[in-house]
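Below: one structure, written as structure tokens.
The values are calculated or read from the model by the stated rules, or taken from the named source; none is laboratory data. Just so we're clear, the structure is a prediction, and the values are computed from it rather than from any experiment. All Cβ positions, glycine included, derive from the backbone under ideal geometry; neighbour counts span all protein chains shown.
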Amino acid sequence: MNNQKIALVTGAGSGIGRAVAWALMKEGYTVVLTGRRREPLEQTATAGASSATAMVCPADVSDPQSVQELFGTIQARYGRLDLLFNNAGIFTPGASLEEVSFEQWKSSVDVNLTGSFLCTREAFRIMKAQDPQGGRIINNGSISAHAPRPNSVGYTATKHAITGLTKSASLDGRKYNIACGQIDIGNASTDMTEKMKKGVMQANGSIEVEATMDVEHVARAVIYMASLPLEANVQFMTVMATKMPFIGRG
């Protein structure tokens, strides 16, 4: 039996996914890197560690067949999965609710919510059958799982739904020794949050520059969650830039 711990990181080609993948490699995990485009995944693999500790496996998490093939590859190569970090997500262009197209709404749901469900379902199927049984799933929820920004109905709705997915997976996973938790991240400094430094719309309509934090703090938090024995679980953790407008009136 292979004693190496196997992790899967979705959206591993950039930002939070890349930082978490690198941190897991440093902790000794073999990390399967997935996302829609191979080139960024290859960059994550080569910059993070030797090729022996990472496998690049492009997939579209919104496509059931693609997800099944991804997990089939993991099963065939490693025979188990110890950790899934459901991180893949998209922002659609900001627009007031009545101006959001069906296509924009569906894109948000397909990637942010359905993608996490599909990966969680396949992870359950592997984790409940492996020996030793069980594993851990960590969902990227976001501050938007708690409070919306203006003009973000698709992203906000799907991230609120991730909280329900996390709770359901926690409950249904108990009998299989599967622990599921959620990390809610606020203003980690990545390409997706560059606009924060220039100013973003607030609830009152003003444009304000927002504080950000190093994405490494997110990676460290995920490593802590992953380091626990399966008898313990961080159900929800919020990691945010201290001065970002979230608590109170900002």
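Looking at the range 1-58, which of the residues that are under 17 Å from ALA76 (Cα atoms) and assigned to a helix (DSSP H, G or I) is modelled with the lowest pLDDT? Among those residues, the one meeting the criterion is ALA52.
Among the residues here, ALA203 does not qualify as under 20 Å from ALA23 (Cβ atoms) and of a type outside the set (Phe, Trp, Tyr).
In this structure, ALA76 does not qualify as closer than 22 Å to ILE143 by Cα, of a type outside the set (Phe, Trp, Tyr) and modelled with pLDDT of 95 or more. Taken over the range 145-160, the criterion of being over 25 Å from LEU228 (Cα atoms), among the hydrophobic types (A, V, I, L, M, F, W, C) and in a helix (DSSP H, G or I) is satisfied by VAL153, ALA157.
Pairs are defined by a Cβ separation below 7 Å, a sequence spacing of at least 6 or placement on different chains, a first member in the range 90-101 that is at pLDDT 95 or above, and a second member that is of a type in the set (A, V, I, L, M) and surrounded by 12 or more Cβ atoms within 10 Å (Cβ to Cβ); the pairs so defined are LEU97/VAL153; VAL100/VAL153.
Scanning the range 177-205 for residues that are under 19 Å from GLU122 (Cα atoms) and either touching a helix residue (DSSP H, G or I) at 6+ places or on another chain (Cβ under 6 Å) or at pLDDT below 95 (or both) yields ILE178, CYS180, GLY181, GLN182. When both residues are 6+ apart or on different chains and their Cβ atoms are under 9 Å apart, which pairs have a first residue that lies in the range 12-28 and is over 13 Å from HIS217 (Cα atoms), and a second that is among the acidic types (Asp, Glu)? Final answer for the pair search is GLY13/GLU39; GLY13/GLU42; SER14/ASP191.
Starting from the range 33-44, keep only residues that are buried (at least 16 other Cβ atoms within 10 Å of the Cβ), then list their pairs with residues that are of a type in the set (Asp, Glu) and part of a loop (DSSP other than H, G, I, E, B) whose Cβ atoms are within a distance under 6 Å, requiring at least 6 positions of separation or different chains. Qualifying pairs under 6 Å: ARG36/ASP60.
Being crowded, with 16+ Cβ neighbours inside 10 Å and touching a Cys at 6+ places or on another chain (Cβ under 9 Å) is a property that THR166 has. Taken together, the residues in the range 163-191 that are part of a helix (DSSP H, G or I) and either touching an Asp or Glu at 6+ places or on another chain (Cβ under 9 Å) or over 21 Å from ILE223 (Cβ atoms) (or both) amount to 11.
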